[in-house]
Structure formats: C-alpha cells, structure tokens
1. Quick one: order TYR388, TYR321, TYR100 by neighbouring beta-carbon count within 10 Å, fewest to most.
2. So how do 250-261, 344-355 stack up, highest first, on mean other-Cβ count within 10 Å?
3. Sorted from largest down, give the three principal axis spans of the alpha carbons of segment 141-229, whole angstrom values.
4. Using only alpha carbon pairs under 8 Å that are at least six residues apart, calculate the relative contact order of segment 1-68 and give it in whole percent.
5. Starting from the Cα gyration tensor of segment 336-381, take the square roots of the eigenvalues, sort them a ≥ b ≥ c, and report rounded, prolate or oblate (rounded when a/c is under 1.5, otherwise prolate if a/b is larger than b/c, else oblate).
6. How would you order 391-403, 273-285, 220-232, 101-113 from highest to lowest mean count of nearby Cβ atoms within 10 Å?
7. What is the mean projected area of the alpha carbon convex hull for segment 196-254, to one decimal in square nanometres?
8. From the mean inverse distance of alpha carbon pairs (Kirkwood) and the Cα radius of gyration, derive Rg over Rh for segment 1-68.
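Please treat every number below as a calculation from the coordinates, not as lab data. Owing to the predicted nature of the structure, the values given are computational and were not obtained by experimental measurement. Every residue, glycine among them, receives a Cβ derived from its backbone with ideal geometry; neighbour counts consider all protein chains shown.
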Amino acid sequence: MRDILVTIVVFCSLPLIFKRPYWGPALWIWISVMNPHAQGWGFARSFPFAAIIAATVLLSLVVYKGDKKLPVVPVTVVFMCFMALMCVTSLFAIHPDLVYTQWNKVMKIFGMTLIVIMLMKERKHIEMAIWSIVISLGYYGVKGGIFTIKSGGADRVWGPAGTFIEGNNEVALALIMVIPLMFYLMKITSNKWGRYAFMASMGLCAFASLGSYSRGALLAIAAMAGFLWLKSKEKLTVGLVLVLLVPVMLLAMPQQWHSRMDTIGEYKADESAMGRVNAWHMATNLAMDRPLGGGFEIYDAGVFARYAPVPEDIHAAHSVYFQVLGEHGFLGLFLYLSIGFLTWRSGSWVIKNSKLDPELKWAAELVPLLQVSLLGFAVGGAFLSLAYFDVPYYVMAAMVATRLVVERHLKVSRDVAKAEATAQRLTGATPQKVSNG
C-alpha cells in the first residue's frame, strides 16, 4: 500500500512541474530527504523516483519561459568553485578508481541544489521548500519523539536505513535543524490547531534528538537555544519557555542517558572520542602532505597507516570540517567555510535591510531561524561526517533566494519612491495660471 501511495503522489505531481516549475524543488526535497519509498516493502524501494523527478525538472527548464537564470552571487560562485575543486581532487585522488560512486552522488546533490536556487524566485517558492523539509524530517521527529516518550528514553532513536541520517547521531542533528523551520511555519500559520500541531511536533523532535543519545546533538541544541534567545524580539517569553521546558525534558531522560552525556567532559577516556581525534590528525597530516587532499574514499588501512598517529584505529572523519580537509585539502576547507560565512552574511544583510519594511516582515522572521538551523549544523556537524548532507544546502538555497527577493522588493520600492519624488518636483514647478478676468 505504501509503495502504491508514493508512486501515485510522485506521478500525479510530475505534470504540475511543467506548469509550476517551483513544484520541482519541493518534490525533489521530499523524495531525497524523507525517502518515503524506503518506507515501503515492495517495488518502490528500488524504483528510481529521484531520477525521474530530476529528469522532469530539467525538461521543464527547457520549456519554461519564465525567469530561470542562476543568480550569480558570492554564495553560488563559491559553491560552484567547491564543486569544481571536488572534480579536480577526484582526478588526483589516492584511490582514483574508487571515487566515482561518491563523486557522482555528491555532484547530483550539488547540481540539484543549484536548480533549487534557480527556481526559488518568490516567497511562496521558498516556503514550499521549507514545508518540504519540515514534512520530510518532521515525520521521523514525531515518530522518534513518541518512541522516546513511550520507552522512557531507554532505547535509542535511529534514522531511516540507507540514508544520510541512518545513524543515531545523524538523525539527531537533522531533527535539530528542522525545529527552527517548524517554528517559522508556526508563526505564519493562522489556524490555532495548526500552531498547536507545530508546537507538539517541535517538542517531539527535541525528545527524539535527546533519545538518540547523541552528545554532539546536545551541544548543538544548547548553541541553538542560546542563539535563538539572543535573536528573539521576545527575550523574556523565549527565556521563560527555555528555563521551564529544558529541565523537564532533561529530567524525563533515564540515568543511562545522563551517564552518557556526562562523558562529554571526559573525552580522553572515551574510546569513540579518541578514535575521532585520531581521524582528525590523519586528515590534517594528509592535507599537509597533499595540498589537494586525498579525494573521496580515504578511510582505509593504507591511508591511516601513513598519516594517522594510531594506524590501526580506522575511523570515518566524524567532522564535516576534517572530512573536507582530508578529502579536498586546505583550499577545499577554505571554500567550504566560505560558503557558510557568505550564507550567514546574506542572512545578516536581510535582517538589516528588511526590519523596517512591513512587507518584508516574513523575511525578517525567517532569516534568523535559517541562521539558527545552520548554527545547529555547524556545531553538531563538528562531530559527524555529513559534509555532503543535502539539507544544509537547501537551507543555504533558501537564504540566497530570500536575499534576492528582498533585494528586488527594495529596488522596486526605491524606484517607486524616486518616481513619486520626481512627479512631485515637476508638479511643484508647473506655474499656476492667473486669470485676467
């Protein structure tokens, strides 16, 4: 039944993409982030829904007569430079015969991210993409939160198999990132019961994140909560909610959860933590020896034997920063950090230039929450190999699109004001006729 339902939804949505191309990014995000077909048990599990959607979106771009230009802004330029660098590092990789599968996967994600940016031209396009992210991740958050409450936090929450967020740490970070996006949708929802549903969903996502037993997620939640309070216009209300809610959630978790969280300050005695440190040393040493890094697929015995302090302790990077450093060198890390910095600066520009315009209130409310989501990823991602996880790039796309919408609105407002001022000057300069009668 699930297989048939997903198939019907996808194929009934494909014609809409030709009429309204912005449906394409929303459908792509849903199928690639949520992977609903993986929840079935039949033919849908291996059916190429993503490829069909991508091909439909590309075909719609050929026939679409509207604006479909890729905005050439600092974020997109650096993003494409990062893509180009990955192509170069793949050619000169330590294992050039093994990198194609990962290179192909990353290029598809990044290529579709550019198409998402191309097609998000208005507020409704941006909000459709946000809705798609929230539905995709919120499903697992609500499900995981209920599981955590029912089990009393005794069992860990895991993500959907075969996806970026399959692991407990990975799904925790994804759920943390989606909470600010839910908060934005709650603020723009006029229906009372809809707002209550979002409140419940955010709480369940938080419980699911805690139920994953992820220490990195706990640090990310703390960073996000602090930044959210700092950015909020209602600091007293937000502060009271955090002060009242956080202790209740922490007290609801069992002793074994608290015992694991207590190991954050004792990482030297934690075998898993020291394995990550060993992988970080390996990535640094590799980048020092090979300026372009080692390319994809570097986490094997041969590479660790050459570059790691403890050669036999083979681990994945367990950090987006060291993952990029080891695979693409210092230039790759610089470009990756630049993408984040420029995206953040775009958000700061929007906040500064939209806060006084009532018509841009939505942008002034959205952007700080996009920043909160990215901050959660920046903190939690320091301990996970999720450099190519697609959701942060879709948040980046939403930020870029929001700035472009705000820029266009401000330009039109300035042009209108200038035209009105010119008309007033001309009217004032017209001599009055004097009657001789």
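1. Sorted ascending by nearby Cβ count, the order is TYR100, TYR321, TYR388.
2. Most protected by this proxy first, the peptides run 344-355, 250-261.
3. Here the spans come out as 35, 28, 26 Å, largest first.
4. It rounds to 42 percent for segment 1-68.
5. oblate
6. Ranking the peptides 391-403, 273-285, 220-232, 101-113 by packing returns 391-403, 273-285, 220-232, 101-113.
7. That works out to 4.2 nm².
8. Radius of gyration over Kirkwood radius for segment 1-68 works out to 1.01.
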